[in-house]
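Beneath this line is the structure, given in structure tokens, with notes to follow.
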Amino acid sequence: MSAAESHAGDSGPEQKPKRQRHWALSFLIELTVIVVMAIVISFVIKTFLLRAFYIPSESMQPTLEINDRIVVNLLAPDVMDIQRGDVVVFEDTRSWWGGPEPETTPVQDALIFIGLAPDTASHYVVKRVVGLEGDQVECCDDQDRILVNGEPIDEPYIYPGMKPSDAAFDVTVPDDHVWLLGDHRGASADSRAHVDEPDQGAVPQDDIIGRTLSIVWPVERWGGGGTDREPFEHVPDPP
């Protein structure tokens, strides 16, 4: 066998591992790019469009149950208006909740940061908007209904057997604020508990993170985020 033939015969076996290594490297590069893109897209969505939250308490029962995971539309209120009956998540800048911060692992913190896990932080609170800026909200008429600008409100979402409120109040919502109540009125430390404060328990619109869009977990509770504007359809504009 000539030297040329020997060299040609040996070239095949040497190139096969190279092709295998090249294929494996390409796969790893493509996989890395896909993962990075998925993380970036998730972070952008979580920052500007949608964000997941965890429900830790019974204050919004039966609309939202303990351990529900919800998705929130971040376009409200900056792009989309907040209306009466909307269920919103707001940042608890004045320590309404005051509960202990849930323990999380570094992995959970990382997933929350990039938007792949629901936010469990205790400084976010979910309630229902009952009054907008300028509204007069008072309790109650002779049928135990809350009145908004003099219009009595029939609230079908309230926890069964509960009154709209056991405490009387009469407030006018300040400009750029909203007035909020939990659906489980007997287990909700909401605007009613702060009517003696300068803002009469109202929350600045700037503190609102967004409007609840959907329950995404558990599977058997998939559905809307609880917003119900129909009871407020006939509320007149504030004086």
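Summary table below
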{"quantity": "Spherically averaged projected area in nm², based on the convex hull that wraps the Cα atoms of segment 47-94", "calculated": "4.1 nm²"}
{"quantity": "Largest to smallest accessible area among 212, 227 [probe 1.4 Å]", "calculated": "227, 212"}
{"quantity": "Prolate/oblate/rounded label for segment 134-239 (Cα gyration tensor, a/c 1.5)", "calculated": "prolate"}
{"quantity": "Protection-proxy order for peptides 50-59, 161-170, each taking the mean of Cβ atoms within 10 Å per residue, highest first", "calculated": "50-59, 161-170"}
{"quantity": "Extended-chain gain in nm, criterion 0.36 nm per residue less alpha-carbon gap, residue 32 and residue 49", "calculated": "3.6 nm"}
{"quantity": "Spatial separation of Cα centroids for segment 124-197 and segment 49-82, in angstrom", "calculated": "18 Å"}
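The values are calculated or read from the model by the stated rules, or taken from the named source; none is laboratory data. A quick note: this is a predicted structure, and the numbers were derived from the prediction, not measured. Don't worry about glycine lacking a Cβ; one is built from the backbone with ideal geometry, like all the others, and counts go over all protein chains shown. Just so you know, the surface numbers come from the protein's heavy atoms only, side chains and all, with ligands and any DNA or RNA stripped out. Shrake-Rupley method; radii C 1.70, N 1.55, O 1.52, S 1.80 Å.
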